[in-house]
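S.K.: Just dropping this structure here.
The values are calculated or read from the model by the stated rules, or taken from the named source; none is laboratory data. Keep in mind the model is a prediction, meaning the values are calculated, not measured. Here Cβ is always computed from backbone atoms with ideal geometry, including for glycine, and neighbour counts include all displayed protein chains.
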Amino acid sequence: MRAHRWLFVLAFTLALAGGGRDAADRWILATPLPSMLTATGAEVLDRSGRTLRIYTVADGRWRLEPGRVDATFTDMLIAYEDRRYRSHSGVDLCAFARAAVQAVRSGGIVSGGSTLTMQVARLMEDGSTGQWAGKLRQVRLALALERRLTKDQILQIYLTRAPYGGNIEGIRAATLAWFGKEPARLTPAEAALLVALPQSPEARRPDRHRAAARAARDRVLDRMARQGVLSAETASAAKLDPVPTARRAFPALAPHLADRTIAGAPGALRHNLTIDASLQAQLEALAARAMRGLPGAVSVAIVLADHRSGDILASVGSAGYDTGARQGFVDMTQALRSPGSTLKPVIYAMAFDRGLAHPQTLIDDAPVRFGDYAPQNFDGHFRGEVTVTDALRQSLNIPVVRLMDEIGPAHLMDVMRRAGMNAKLPGDHAGLAIALGGVGVTLTDMVQLYAALPRGGEVIPLRWLQGGDAPVPTRILSASAAWQVGDILSGLAPPPNAPSRALAYKTGTSYGHRDAWALGYDGAHVAGVWIGRPDGTPVPGAFGGDLAAPILFEAFQRLKPQPDPLPAPPPETLIVSTAELPQPLRRFTGRNAVFAKDRGAPELIFPPDGARLASAAPGLPVKVRGGTPPYTWMANGQPLLTGVRVPQASITGLSAGFSQISVIDALGRSARVNIRLD
């Protein structure tokens, strides 16, 4: 019965060829054509055109534009499937006649008569091949396609739609899935397998039916040798190559950034990013490794950019793109979090610009109160009078809040806004706590803010999409202030085994250990690392210096063995000691300091400054004049007596050697002396 159907199709085709040309032409031209457009998945590419991530089409199939295909494969495909492809008009009458005669002699189908054009017709209509009505429909559509399209266009449809097992369609999806490579360069063994697969894609899937796949591949190689497409030696050698045993994962780098890109332009099929695929892969691996030993709900995010161009080179939104306990689908580069101490460098730079301080200015680290707000250092200790450089390197809270009070929190918010940050204030009110992280920022925005420091105080928007106009810089700090802050930060001790003075960097830990940060830069690049729980719950014991800083330094090491040198100081930068500073800059006093003594600032009258005293056992007598009780007495930054309402007291616990004695009154005013105990 099947042989008779072949004869019917053959007879009908011969009738078309032998007579009734005009009627046949009208019949062919009237053929309703399916859509010529083939839906393909969107692709996200890196700065060099390498694939970062690809997406399936709407029905879940992996189907991509073929791109450049190895010529050996197309030669083998045509030789195996349709030797007269370049010369026939859609139907190969010789192949049909041969198939019909073989069918009559054997009582069943021995070889197919379908041309590549007919196979394309079947793929376009998703029709069957076994029924004579379906075969006739394919003949008509094939003839119509040959009149509308070129041979290369028809072949392109085949290369896009041919099935290769499971939900894989098209040559490029097939080479990525089975060989992990692009179709531009294929071995003879790989090409032969890809020629054989579409004939029976499920029965020959190499991951499920390896023997069948190998046998089909070898039959293709044998025929290619007989037809002279391959030499006998090449075909024999190709048979020794292994057949893949599993599907490879499709590229899925920078998944969060890729998703954001697709959402921004859902109709586009190609998206070119500024990301460097190699660096992205290394930092994703670094992020995954960094999570070992940390609680399961903790996540990490990394952003690294070229601060000269504003190009984001890597963006890691989580340690793993999954729905596990770490909530890996949440892009933590875009989440609003408290920055902890990482805004302090900007505040100091603003103070330098306003003439309030210099890196060698002395500033009080002593108890102070601003209305109801009494900031404390992270460790609860006080250092007394320190230089601004030491205050920033030690990340002391009280000195920076003093400066923030002088500058005004609204001015810091204005700098952040001009830097392009979308910072969010709790209650929409900027208070002094903003200096210690009382504001919501994203990691990407913080990296953009820090990029202004090596750029001499000019900020440019970070970008991840290629193309467009060059970004326009906005000045937020002076060049000298930006350099001075960078010079201070480059002097921070690096993590163990990391090079010193290689990066200017700052760490931060938010209130309650909810966020651990590290941000830094060299002469060419800027990066930021965040660690915490996406739901905002605390991570006990998490510190930016312990967790985030080592990752920051490792990220820079993935760029190159040696960081780029930090910028040189601008000519106008004042580099002097404290004693060489102009008198108003030697000590930070604040706008109310002139009037403080008129209101009776405390004066420590015993012991005198520079005194050398005998052992303090059983206690050292101390006496203050003026000020407003109650008093707090401190030694070497440690509070010893609090709530003292009389001017005399006795302090104990002092050891031999040099000590600094301080007294602070109820208004935060202080006095101090340095003594030596024998």
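S.K.: If we scan the range 469-484, do we find a residue that is assigned to a helix (DSSP H, G or I), among the aliphatic types (A, V, I, L, M) and under 24 Å from Asn377 (Cβ atoms)?
M.R.: no
S.K.: Still on this structure: Can you name every one of the helices (runs of 4 or more DSSP H) wholly within the range 378-461 that holds 3 or more residues which are under 20 Å from Gly528 (Cβ atoms)?
M.R.: Ranges flagged: 409-418, 443-451.
S.K.: Sticking with this one: Would you call Ala39 at pLDDT below 95, in contact with a strand residue (DSSP E or B) (Cβ under 9 Å, 6 or more places away or on another chain), in a loop (DSSP other than H, G, I, E, B) and under 21 Å from Ile262 (Cα atoms)?
M.R.: yes
S.K.: Every residue in the range 421-450 that is in contact with a helix residue (DSSP H, G or I) (Cβ under 7 Å, 6 or more places away or on another chain) and surrounded by fewer than 18 Cβ atoms within 10 Å (Cβ to Cβ), please.
M.R.: Once the filter is applied, which keeps residues that are in contact with a helix residue (DSSP H, G or I) (Cβ under 7 Å, 6 or more places away or on another chain) and surrounded by fewer than 18 Cβ atoms within 10 Å (Cβ to Cβ), the range 421-450 yields Asn422, Gly431.
S.K.: Can you tell me which of Ala263, Ala213 is crowded, with 18+ Cβ neighbours inside 10 Å, without any contact (Cβ under 8 Å) to a residue 40 or more places away in the chain and either assigned to a helix (DSSP H, G or I) or among the polar types (S, T, N, Q) (or both)?
M.R.: One residue alone meets the criteria, Ala213.
S.K.: Is it fair to say Gln153 is surrounded by fewer than 21 Cβ atoms within 10 Å (Cβ to Cβ), within 19 Å of Glu169 (Cβ to Cβ) and at pLDDT 80 or above?
M.R.: So Gln153 fits the description; yes.
S.K.: Quick check on Thr333: is it assigned by TED's automatic domain parsing to the domain that holds Leu489, touching a strand residue (DSSP E or B) at 6+ places or on another chain (Cβ under 9 Å) and within 30 Å of Glu572 (Cα to Cα)?
M.R.: In short, no.
S.K.: Next question. How many of the residues in the range 454-494 are of a type in the set (D, E, K, R) and surrounded by 15 or more Cβ atoms within 10 Å (Cβ to Cβ)?
M.R.: So the answer is 4.
Residues are listed down the side, and each one gets a yes or a no for (1) of a type in the set (Ser, Thr, Tyr); (2) closer than 18 Å to Thr74 by Cβ; (3) surrounded by fewer than 17 Cβ atoms within 10 Å (Cβ to Cβ):
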residue: Asp218; (1), (2), (3): no, no, no
residue: Leu221; (1), (2), (3): no, yes, no
residue: Arg226; (1), (2), (3): no, no, yes
residue: Val243; (1), (2), (3): no, no, no
residue: Ala252; (1), (2), (3): no, no, yes
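S.K.: Scan the range 223-266 residue by residue and report those that are at positive phi and in contact with a helix residue (DSSP H, G or I) (Cβ under 8 Å, 6 or more places away or on another chain).
M.R.: Residue satisfying the conditions is Ala254 alone.
S.K.: Please go through (1) closer than 28 Å to Ala357 by Cβ; (2) at pLDDT below 85 for Ala617 and return the number of the only condition it doesn't satisfy.
M.R.: Unmet condition: (1).
S.K.: Of everything in the range 369-390, what is more than 26 Å from Tyr505 (Cβ to Cβ), in contact with an Asp or Glu (Cβ under 9 Å, 6 or more places away or on another chain) and among the hydrophobic types (A, V, I, L, M, F, W, C)? Give them in sequence order.
M.R.: Within the range 369-390, just Phe370 meets the criteria.
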